[in-house]
Amino acid sequence: MAQRSASRRGWSNDDVAVLKQLVRRQMPAQKIARSMQRSEGAVRQKARALRLSLNLNAWSKGDVRTLKKLVRQKMPLAKIAATLKRSAAGARQKAYSVGLLLNPRAWSNQDVATLRKLARQKTPAMEIARSLNRPEQATRQKAPALGLSLNSRA
């Protein structure tokens, strides 16, 4: 079997300009490589060295702005993901990474009243959480905000 000789070509300023232009057009690395007659690995290495993202599903500044706007409007995660054409997990992870809090279920007035009543009755935190159908940690975090203490309960 014949071996191919590896010939290395440097990157001219024109090559770099073409690479930047094709990356901005969101062309896949494989197509860029074919059009520039270079290996896909060489294209990926050069793009990385130039801090260019070949991730076609990367979050644009506009996507992040839209995400922030939708979270502020308290839109449900499923609708946010659908609007951005991304998975719910991806939208949740990006929201977390930019410091946004997605509140999957806000505390209703009835939930707060139940929490107050059960806390006054010295009900254990785990039972309070179970009756509210919430995680125990969420119940423990909400209680101090209402001036209640669940710390001494198992």
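Once C-alpha pairs closer than 8 Å and six or more residues apart are averaged by separation and normalised to the residue number of the chain, the relative contact order reads 11 percent.
When the trypsin sites (Lys or Arg not before Pro) in segment 17-91 are filtered for DSSP coil states and for at most 12 other beta-carbon atoms within 10 Å of their beta-carbon, the remaining sites are ARG25, ARG51, LYS74, LYS85. In the chain, helical runs assigned H by DSSP with n ≥ 4 each contribute -39500 (n - 2.57); averaged across all residues and rounded to the nearest 500, the mean residue ellipticity at 222 nm is -17000 deg cm²/dmol. Computed extension gain for GLN73 through GLU127, at 0.36 nm per residue and net of the alpha carbon distance, reaches 16.2 nm.
Taken together, the values in this text are just the output of simple stated rules run on the coordinates, not laboratory data. Please read these numbers as outputs of a predicted model, since none were measured by experiment. No Cβ is skipped: glycine too gets one built from the backbone with ideal geometry, and neighbour counts run over all protein chains shown.
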